[in-house]
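Presented below is the structure to which this report refers.
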């Protein structure tokens with residue numbers, strides 16, 4: 001799912017969530033030839049309607065967001081999470097962010113119609129927004145809207161979030177239901193926004209046990225992260241038996257990301273994409289965070305390669321290199337983690353694995 005409308009407006013030149021991330025991703029995929037593969041179709045999304053946004057968001061919030069986007073003044077923007085910092089108001093905000101929701105929703109619809117087995121809405125994955133407020137760079141929560149639409153079709157949905165930040169908005173939306181399994185691997189909330197996502201957040205009522213959190217220590221590297229993933233995620237997905245797997249593929253877990261402290265490489269991230277693809281009956285893949293501009297397009301291109309079964313070349317295309325720099329698609333080096341840090345991380349990750357497996361009865 002792609003359209004220039006996804007990257008025409010943004011939070012401002014000083015904001016980390018630069019729409020250039022999306023434009024670069026599209027350009028790289030195009031120049032790699034991946035978008036012209038026989039089994040690939042680029043679908044132009046549409047804006048979500050008010051009724052579709054209201055699958056999760058309150059009518060009041062939808063209307064306030066529309067008014068603020070149009071430049072109306074004297075509104076209590078801060079009441080709805082807007083203001084200087086994470087969630088500034090910007091021109092074209094309503095249209096751009098509604099288009100991101102429409103992109104993820106259209107991808108869900110294509111999967112349900114049987115038009116495809118995998119759909120990638122890389123402009124989506126905005127997992128922090130609540131029903132009536134913006135949060136963490138997220139205006140509308142396309143993840144929740146798409147999942148709710150799938151639920152309304154009678155489907156059973158599992159959601160796996162590998163963004164460095166806890167997927168709090170999605171967890172909160174489905175905290176009391178057993179129809180959605182939400183599973184988030186993220187940097188420990190004691191060290192990073194939004195300060196949530198602990199193992200004891202397990203759901204309530206009918207949803208007890210259907211919210212799963214794997215908080216990981218800073219400097220968690222490829223091997224430790226993949227060990228946690230493989231010890232926990234496959235067993236839970238097999239037990240839950242979803243009709244659709246929805247994933248949030250934030251790449252701010254990368255060791256060079258400026259806003260967080262995990263230590264994955266594109267090699268580790270690509271391995272995760274492959275594992276998710278193997279476990280997905282149908283796969284709705286969404287984008288998410290990632291604030292190192294040289295990393296985001298490369299990692300999401302690798303994700304696309306896994307989804308489409310498309311072999312990607314080693315070097316970046318010449319035109320892309322000349323425009324943006326860089327040489328290789330995959331990382332040629334990784335984080336400098338000494339033995340003492342590696343030992344500390346391994347101990348902490350192993351402890352989290354034990355805690356999660358005990359809490360969720362994973363053998």
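Observations, loosely collected:
- Every pair of residues 6+ apart whose Cβ atoms lie under 9 Å, when the first sits in segment 264-292 and is free of Cβ contacts under 8 Å to residues at least 24 places away in the same chain while the second is surrounded by fewer than 22 Cβ atoms within 10 Å (Cβ to Cβ) and in a helix (DSSP H, G or I): 278/234
- Considering residues of segment 40-74 that are in a loop (DSSP other than H, G, I, E, B) and in contact with a helix residue (DSSP H, G or I) (Cβ under 6 Å, 6 or more places away or on another chain) only, the residue farthest from residue 251 (Cα to Cα): 55
- Within segment 17-33, being in a loop (DSSP other than H, G, I, E, B) and either more than 20 Å from the chain's Cα centre (by Cα) or over 21 Å from residue 101 (Cβ atoms) (or both) holds for one residue alone: 33.
- Of the residues making up segment 203-217, those that are crowded, with 18+ Cβ neighbours inside 10 Å and either touching a helix residue (DSSP H, G or I) at 6+ places or on another chain (Cβ under 8 Å) or in a loop (DSSP other than H, G, I, E, B) (or both) are 203, 210, 211, 212, 213, 214, 215, 216, 217.
- 2 or more residues crowded, with 20+ Cβ neighbours inside 10 Å and at negative phi: qualifying helices (runs of 4 or more DSSP H) within segment 259-363: 266-279, 296-308, 339-359
- Test: residue 251 is touching a helix residue (DSSP H, G or I) at 6+ places or on another chain (Cβ under 8 Å), in a loop (DSSP other than H, G, I, E, B), modelled with pLDDT of 95 or more and crowded, with 24+ Cβ neighbours inside 10 Å: yes
- Condition met for residue 64 (over 30 Å from residue 307 (Cβ atoms) and under 24 Å from the mean Cα position of the chain (by Cα)): no
- Unmet criterion (only one of (1) outside any loop (DSSP other than H, G, I, E, B); (2) at pLDDT 95 or above; (3) surrounded by fewer than 24 Cβ atoms within 10 Å (Cβ to Cβ)) for residue 78: (2)
- Test: residue in segment 118-130 that is within 13 Å of the chain's Cα centre (by Cα), assigned to a helix (DSSP H, G or I), over 24 Å from residue 302 (Cα atoms) and touching a residue at least 24 places away in the same chain (Cβ under 8 Å): no
- Checking segment 304-322 against the condition returns no match, with no residue being under 13 Å from the mean Cα position of the chain (by Cα) and modelled with pLDDT of 95 or more.
- Only a single item in (1) touching a residue at least 60 places away in the same chain (Cβ under 8 Å); (2) touching a helix residue (DSSP H, G or I) at 6+ places or on another chain (Cβ under 8 Å); (3) surrounded by fewer than 24 Cβ atoms within 10 Å (Cβ to Cβ); (4) closer than 27 Å to residue 345 by Cβ is not met by residue 230, and it is number (1).
- Considering 359, 348, 263, 280, the condition of being touching a strand residue (DSSP E or B) at 6+ places or on another chain (Cβ under 7 Å), at pLDDT 95 or above and closer than 25 Å to residue 193 by Cα is satisfied by 263 alone.
- For segment 85-95, the criterion of a residue being at pLDDT 95 or above, over 20 Å from residue 61 (Cβ atoms) and part of a helix (DSSP H, G or I) is satisfied by no position.
- Residue ID - surrounded by the fewest Cβ atoms within 10 Å (Cβ to Cβ), chosen from residues in segment 177-197 that are within 16 Å of the chain's Cα centre (by Cα) and in contact (Cβ under 8 Å) with a residue 40 or more places away in the chain: 194
- Of all residues in segment 137-156, those satisfying the criterion of being surrounded by fewer than 24 Cβ atoms within 10 Å (Cβ to Cβ), touching a residue at least 60 places away in the same chain (Cβ under 8 Å) and outside any loop (DSSP other than H, G, I, E, B) are 148, 149, 152.
The values are calculated or read from the model by the stated rules, or taken from the named source; none is laboratory data. As the structure is a computational prediction, the values presented were derived from the model and not from experiment. Virtual Cβ from ideal backbone geometry, glycine too; neighbours counted across all protein chains shown.
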